[in-house]
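See structure below.
Read-outs: derived from the displayed coordinates by stated rules, not from any lab. Source: prediction; values computed, not measured. Positions of Cβ are backbone-derived with ideal geometry, glycine not excepted, and every protein chain shown enters the neighbour counts.
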Amino acid sequence: MNVHPTALVHENARLDPSVVVGPFTVIHDNVVIEAGTVIGSHCELGISTALGDGSPLRIGAGSTIRSHSVFYESSVFGAGLVTGHRVTVRERTQAGDGFQIGTLGDIQGHCRIGTHVRFHSNVHVGQQTQIDDFVWVFPFVVFTNDPHPPSAVVQGIRVRKFAAIATMSTVLPGVTIGEDALIGAGSVVTRDVGDGRIVTGSPASDRGEVGKIKLQDGSGRAAYPWRKHFHRGYPEDLVAGWLSALD
Amino acid sequence: MNVHPTALVHENARLDPSVVVGPFTVIHDNVVIEAGTVIGSHCELGISTALGDGSPLRIGAGSTIRSHSVFYESSVFGAGLVTGHRVTVRERTQAGDGFQIGTLGDIQGHCRIGTHVRFHSNVHVGQQTQIDDFVWVFPFVVFTNDPHPPSAVVQGIRVRKFAAIATMSTVLPGVTIGEDALIGAGSVVTRDVGDGRIVTGSPASDRGEVGKIKLQDGSGRAAYPWRKHFHRGYPEDLVAGWLSALD
Amino acid sequence: MNVHPTALVHENARLDPSVVVGPFTVIHDNVVIEAGTVIGSHCELGISTALGDGSPLRIGAGSTIRSHSVFYESSVFGAGLVTGHRVTVRERTQAGDGFQIGTLGDIQGHCRIGTHVRFHSNVHVGQQTQIDDFVWVFPFVVFTNDPHPPSAVVQGIRVRKFAAIATMSTVLPGVTIGEDALIGAGSVVTRDVGDGRIVTGSPASDRGEVGKIKLQDGSGRAAYPWRKHFHRGYPEDLVAGWLSALD
């Protein structure tokens, strides 16, 4: 085990011997970390909480958690989790393989994230949010959950697969964003968005089909669905499946 | 005193013997921390600054400061301060009992906060902001202070009691937000908001009385004033006083 | 060298003997730090990356890097860099003298910053952004770069000298913001902004010449160009040059 001598790893934490732990990182007892994972400096993993269910924090194989990040117990991540710096993930977050959380991401827990979901920097996810596979979320997007704050009512958001939510957008409680939808930058999404629709503005309104946006690479191709042209970092067999389904 | 052996607590810092200090936390000399307070890992408290007045950082009894947080000297907090992770609080911040600051909160100092004020994640408070008792501020709200940036003119904001400011709103310099007012998500508040009014939009405009919003819990009750139905975490006698005043 | 005994400074890092390094800070091997610089606690400097060019992280003389900040290798900063807490700067960022980055700033790398550029808190800078001398950027501003996210197309933003971008504004890919322009709070800037123009709104639209805004200090003077009245922290000879050029 490549644990830096200044790191504090609790004797009951279950780390694969291949796990790397950076300096000044604290790992509490109720943590399971699989093979090949690298944890940066100044992190704290497995914070205990009365809001959890007693289950451990589980980090899948081949993950990278960058410095100054904080994870609570009672969350589960698939293989290949990659975080930026200073992310915060509260209890009862479930995510599939290949989840990426950018720097400053703030996940409030009690939410479900599919496979290969990618958050850019500073995304805020309220409790009860459900994000399906292959969704993209860009910087400073906020998923809310209280329809009349403050209250005890929680209305989670649902984002369907392949949707993309651009920078500085706010999604209001209970909204469903459809498959392959595109939310333009700076939008306030107050109602459901249909599959393959573009919405922009505050409050966001419908601007048509995503297929009308052209790729600005000189090719003349459509920019959406994005999985026709953008494959960076996805497994090859996954991409092959996407492309054959689109044919 | 439950100071972790890796923590660095200056010998002149005045911590009650019951205070808990987490690993890798630095506490400078000009700090007073009252009984029952818990300080997380990787914090730095009491940073000295020429912008202070020489007085200590004072943290009231029974407080919780979560990991990676930074506080300067010359600020005073009442009992029961609770912070998320990585909050930053500059000098000359004064806050009453029961102040909550969510993860990533950034308080620029020289401001006054009442009792039982609650900030959710990533709230930014410019200098000279004054926030009265029982106010709620939701994620990614910014309180500004310069009417024509950059300049040396500072026009602080005033938020009156029980007001709620929803996610991703920006409040412009010198604005007063009235008692029990509600600022909708994504608003840019450019002028004063009256007591009990709803405003939304960019620039924000008046949408009527808060009383017209119904609680989405099937009860048919009004959602505002919120203290009629939402009491989580407030002292019982405080709530009793609220309710009798509303009768 | 005033390196705190808990700091971890690699033996190949090249720090001037006058450099101060705070507790629990990690400095990797590929780092050059010039005289008089002060590094706070809990930082990590010089993170190696396959996205760099092998060159070191260079920090100019007389800089201040506050706590919990993270810098990668292969970036260069002039003299007098000042950061807030928890800034993140990725590889291949180039900045001139006097750069200020507020707390929570997130610079994605591969960008160019002029001299005496000032970012307030929580500014996000996408790759390929170019910011000229003396620009001001206020809290929660995001510079994007992908015209149809997600894609492999990168269209960097250009901000010309003396421009000011107010709080919570989003600048869309490929936009040029003119010299002395003012972007109002909460704007979504979707097209180029001319020299000395004001734009506000979402999408941002033209509101006239900056010269029409009056200083709210009772003087009756114009608030823009701001360098006529605001000089805090700039070198005297620089200010003298500004003023003589404006006469």
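The table below gives the values:
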| quantity | calculated |
| --- | --- |
| Amide H contacts under 5 Å for A:Val9, placed H, 5+ residues apart | A:Ile27 |
| Table column - 3J(HN,Hα) (Hz), the range C:84-95, Karplus curve with 6.51, -1.76, 1.60, x for Gly and Pro | x, 8, 6, 7, 10, 10, 7, 5, 6, 9, 10, 9 |
| Spacing of the two label points (7 Å from each Cα toward its C-beta) at C:Ala245 and A:Arg112, in nm | 5.9 |
| Residues whose placed amide H lies under 5 Å from that of C:Lys214, excluding near-sequence neighbours | C:Ala223 |
| Within-11-Å neighbourhood charge of A:Ile101 [Cβ basis; K, R +1; D, E -1] | +2 |
| GNM result for chain C, Cα springs below 10 Å: residue of C:Gly105, C:Gly218, C:Gly196 fluctuating most strongly | C:Gly218 |
| For chain B: relative contact order, % (alpha-carbon pairs under 8 angstrom, 6 or more apart) | 8 |
| Two-site label geometry, C:Glu179 and B:Asp29: point separation in nm, points 7 Å out along Cα→Cβ | 5.1 |
| Computed helical MRE - 222 nm, chain A, DSSP H runs ≥ 4 contributing -39500 (n - 2.57), nearest 500 | -1500 deg cm²/dmol |
| Using a Förster distance of 30 Å, the FRET efficiency for C:Asp53-C:Arg207 (Cβ separation, nearest 0.05) | 0.10 |
| Derived scalar couplings ³J(HN,Hα) [the range A:150-156; Karplus, 6.51 cos²θ - 1.76 cosθ + 1.60; whole Hz; x for Gly, Pro] | x, 7, 9, 7, 10, 10, x |
| Average partner coverage of B:125-132, which counts Cβ from other chains inside 10 Å | 1 |
| Choice from B:Pro17, B:Pro235, B:Pro150 with maximal GNM fluctuation in chain B (Cα, 10 Å cutoff) | B:Pro150 |
| Inter-copy separations for B:Gln216, label at 7 Å along Cα-Cβ, nm, ascending | 3.5, 3.5 |
| Percentage relative contact order, the range A:87-229, counting C-alpha pairs under 8 Å, at least six apart | 13 |
| Peptide B:202-214 - average C-beta neighbours from other chains (10 Å radius) | 2 |
| Centroid-to-centroid separation of the range A:1-39 and the range A:53-69 [C-alpha atoms, Å] | 10 |
| GluC sites (Glu not before Pro) lying in DSSP loop within the range C:1-86, provided at most 13 other Cβ fall within 10 Å | C:Glu11 |
| Helix B:236-246 axis, angle to chain B major axis (alpha carbon atoms, nearest 10°) | 20 |
| Calculated from backbone phi, Karplus (6.51, -1.76, 1.60) coupling profile of the range C:7-12 in Hz, x at Gly/Pro | 6, 10, 10, 4, 5, 8 |
| Peptide B:16-27, shielding by other chains (average Cβ, 10 Å cutoff) | 3 |
| Residue with peak Gaussian network fluctuation, chain C [Cα springs, cutoff 10 Å], from C:Val20, C:Val123, C:Val171 | C:Val20 |
| Under 11 Å, Cβ to Cβ, from C:Ile33 - net charge with Lys/Arg +1 and Asp/Glu -1 | 0 |
| Longest site-free stretch - chain A; sites: trypsin sites (Lys or Arg not before Pro), DSSP loop, at most 14 other Cβ within 10 Å | A:1-190 |
| Interchain or long-range residues, amide H under 5 Å from B:Glu44's placed H | B:Val26, B:Ser69, B:Val70, B:Phe71 |
